[in-house]
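What follows is calculated from the coordinates using simple rules that are stated; it is not laboratory data. Keep in mind the model is a prediction, meaning the values are calculated, not measured. Note that each Cβ is placed from the backbone with ideal geometry, even for glycine, and that neighbours are counted across all protein chains shown.
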Amino acid sequence: MSKADEPVVPIDSLIRDALREKHLEDARALSGLTKHEYFAAMAMQSLLGPGVLSQASRPTGQYVAHESLKYAGALLAELEKQK
């Protein structure tokens, strides 16, 4: 699993083991957003903030989503280089 696919808030191993005992094998699905998704949401929030994108250009949701994912990917790539 790449760092981008890790959950933002990982489930503690004790909780994960308890979930497995109850036959909830896919405990990862319960951990919420991945780091990539979280960083993209933060980038999107910034892009949609006041004064960032021109109201005259009226960017589409698709454009904002694409740019947000691009920024999130760039951040994760740089974090991987730091290792």
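Annotations
- Whole-Hz Karplus values for the stretch 62-71 come out as 4, 4, 5, 4, 4, 5, 4, 5, 5, 5 Hz, taken residue by residue from phi with 6.51 cos²θ - 1.76 cosθ + 1.60 and θ = phi - 60°; glycine and proline positions read x.
- Using the Cβ of G73 as centre and a radius below 15 Å, the other residues enclosed give a net charge of -2, where K and R count +1 and D and E count -1.
- Positive contributions from Lys and Arg (+1) and negative ones from Asp and Glu (-1), summed over other residues with Cβ under 12 Å from the Cβ of E37, come out at -1.
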